[in-house]
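Structure first, then comments.
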Amino acid sequence: MTVTLPERTADAGTTSVRKRRTFRPVGFLLALPPVLLILVFVGFPIVLALGFSLGFTGGLNHTVAIIGQNVHESTSGFGTLAAYQEVFSNQRFLTDLGVTVLVTVLATVLVISLALGIGLFLKLRGGRIARLLSGLAIVPLFIPVVISSWAILTFYSGDGFMRSFFAHLGVEFPVWSFTMVAVIIGSVWTSLPFATLMITSGLQAVPDAMIEAARDAGAGFVRIVLSVIVPMAFIPIIIATTFTAIGVVGSFTVPYFLGPNSPNMLGVDMSNYFSSFNQPQQSVVMAFAVFVIASGLAALYVWANFRSAKEQGKA
Amino acid sequence: MTATVTPRRRKSGPGPAVMLLVGLFVLLMTIFIIGPLVWLGLHAFSESWSYPNLLPSSWTMRWWQVVLSDKSLGVAVQNSLFFAPMTVLLSSIICLPAAYAFARHEFWGRRTFLIGLFATNAFPKMGLFVTIASLFYALNLMNTITGVLIIHILGTVVFMTWIPAAAFAAVPRSLEEAARDAGASKLRVLTSVTLPMAFPGILVAMVMSFLASFDEAQGTYLVGAPVFMTMPTQMYSLVLNYPNQVAAVFSILLAIPSVALMTAAHKHIAGGHLAEGFQIK
């Protein structure tokens, strides 16, 4: 995309100066609508919610504060951490926080390994089997999450396929439905397409000539992967990793359908505390706990993008 | 270079052990990915099915009648078919000009804007909907079409901005300039050069947005239920209140638009437009 810049400046003379990304207010104005939408309906509610979690129950938070039970109100003007203290001393929350982090790490590692494996296979060997594999990995993109969760639930249930199949072989296969194993399976299933698309497209961009040169210099498979391919496709791999992790850490549908009542992931707890237990403040505190984790991952994503922009000489 | 590429692939012909491992991996992946879908699909036609049989012992179309004659399910289908196209339309109007600006203009806060849009992805959806709900109470948007549409559009902003922005940026500017030099007006360049060339990326964004709206369940449930039930929100109650087979039939119905659209756009999605859109430039 950036490669075309220099040649254009050379041949197009004065017009290209004007047509390169020009500093004009019209761009700012065109870009404004989606940004305003996000500011009003995401940014503002998040600020409001932060206030609510700190015990500010006036203004727009009034309705929620009246409907909700067990709301900690701030008596001073500085807010109170009472809701955070309550949630973070709740053993169930701490267990679920641990479960959420564990599921996120395991699912992300599995997804990225699978996507890397498929991507490398496609890059280094190619052929029909490799295309079949990458096609398979994209199938979940076609299926709404509600359906896939339900399908996975019936597949690994007490009378599901896995149990039936192994019963014919005389083996007692464990029931995975309503366990954290099913949640991890479901998370991998739903996250695989995006990671595979991202990583295969990143790996395909590595020039064949470089791999060829490394091979001629005597590098083995592992060496080529670690020293040539992975560093060159580093940015897409980081993007795939962060998006997968952010998706899993805040997920609701997959753990809601596939997981046990307790312990389960925080997405389910948030929903339960809001609707079933009618404790919106505690629910919001949990949302911020997940948000802090996701922000850390988002920072990694942004850093990776800036790094790639710098490498291309754009920053 | 081409001369060296061809022998490379033949030189390292895989041994039988490697082929066996690869075959095993393909088999396991097929069971892992396709297995649950086939298993669920079979339930839609099963009359009776006892463990541990691998197929139902008798077949029926009864469950399809149950679903197709159910009024509330029909309404859910109608609602979904209204909200999803409306979401794509409104989201296009809001986001496509911005995508063009991100690709073609440099302006104050450009990078900040791009990353700011990302905030919708970083904050957990469930937490976000909980916080939006309190704002919607105050603005009287609960149980309104506008409220549901806002929730759906929020879920499409990232797709609708990032992916077309990458597509616009990939249109060679020399082509646009050549058209200008040949006397085409700015509008003509946009409609005859830029838009057609960026179309595959825009199409991918539209398909992803349609599906995001079509699949959105948590937010719609919180803001729209029980007045506006869509297919996925209906699915939540189906799973709890109806026999397994009804949910299976409904799943197949719910999957039809997704599969059709995805198949239509598959070439472009796998062709890298989706991946390209997620790299901030």
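Here, each number is a calculation from the coordinates, and none is a lab measurement. Please read all numbers here as calculations on a predicted model, not as lab measurements. Quick reminder, even Gly has a Cβ in these numbers, built from the backbone with ideal geometry, and neighbours come from all protein chains shown.
Rounded to the nearest 500, what is the 222 nm mean residue ellipticity of chain B from helices alone, with -39500 (n - 2.57) per DSSP H run of 4+ residues and division by all residues?
Values: 15 runs with 212 residues, N = 281.
Mean residue ellipticity at 222 nm (helix-derived): -24500 deg cm²/dmol.
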Karplus ³J(HN,Hα) for region B:125-135 (6.51 cos²θ - 1.76 cosθ + 1.60, θ = phi - 60°; Hz, whole; x = Gly/Pro) runs 3, 4, x, 5, 5, 4, 6, 5, 4, 5, 5
Computed ³J(HN,Hα) along region A:61-76: with the Karplus parameters 6.51/-1.76/1.60, θ = phi - 60°, integer Hz and x for glycine or proline, the list is 7, 4, 4, 4, 5, 6, 5, x, 9, 6, 8, 8, 9, 7, 9, 8
Pseudo-spin-label distance B:Leu240 to B:Met61, built 7 Å along Cα→Cβ, given in nm, is 3.3 nm
For the B:Phe25, A:Ala219 Cβ pair and Förster radius 35 Å, calculated FRET efficiency rounded to 0.05 is 0.90
About its Cα centre, chain B carries a charge dipole, from +1 on Lys and Arg Cβ atoms and -1 on Asp and Glu Cβ atoms, whose size in debye to the nearest 20 is 860 debye
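Where a ≥ b ≥ c are the square roots of the eigenvalues of the C-alpha gyration tensor, would you call the protein assembly as shown rounded, which needs a/c under 1.5, or, failing that, prolate if a/b is larger than b/c, or oblate?
Numbers: a/c = 1.57, a/b = 1.11, b/c = 1.42.
In terms of gyration-tensor shape, oblate.
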Taking chain A and counting helices only, DSSP H stretches of n ≥ 4 at -39,500 (n - 2.57) each over all residues, the nearest-500 ellipticity at 222 nm comes to -21500 deg cm²/dmol
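Pairs on different chains or at least eight residues apart, Cα atoms closer than 21 Å: how many lysine pairs in the protein assembly as shown fit? Working shown, then result.
Details: A:Lys19/A:Lys314; A:Lys19/B:Lys186; A:Lys19/B:Lys281; A:Lys123/B:Lys11; A:Lys123/B:Lys267; A:Lys310/B:Lys281; A:Lys314/B:Lys281.
Lysine pair count for the protein assembly as shown: 7.
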Region B:216-268 and region A:226-295 have their Cα centres apart by a whole-number Å value of 22 Å
Given GluC sites (Glu not before Pro), DSSP loops and at most 15 other Cβ atoms within 10 Å, the longest exposed-site-free stretch of chain A is A:173-315
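Which whole number gives the average, over all residues in A:158-164, of C-beta atoms from other chains lying within 10 Å of the residue C-beta? Kindly include the intermediate steps, with their values, before the conclusion.
On the way: counts 1, 6, 5, 9, 4, 2, 8.
For this peptide, the per-residue mean of nearby foreign Cβ atoms is 5.
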Listed by chain and number, the residues whose amide H is under 5 Å from that of B:Glu47, excluding neighbours fewer than 5 places away on the same chain and using placed H, are B:Ser58, B:Trp59, B:Thr60
Between the alpha carbon centres of region A:122-194 and region A:78-95 the gap in Å comes to 37 Å
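How much FRET efficiency would the formula 1/(1 + (r/R0)^6) give for B:Lys71 and A:Val230, where r is the Cβ-Cβ distance and R0 is 56 Å, rounded to 0.05?
0.50
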Between A:Ser295 and B:Asp181, the two model label points (7 Å from Cα along the beta-carbon direction) sit apart by a distance in nm of 5.1 nm
Here, A:Glu86 and A:Glu172, labelled 7 Å along Cα→Cβ, have an inter-label distance in nm of 4.4 nm
FRET efficiency for A:Val101 and B:Arg188 from the Cβ-Cβ distance with R0 = 56 Å, rounded to 0.05, comes out at 0.55
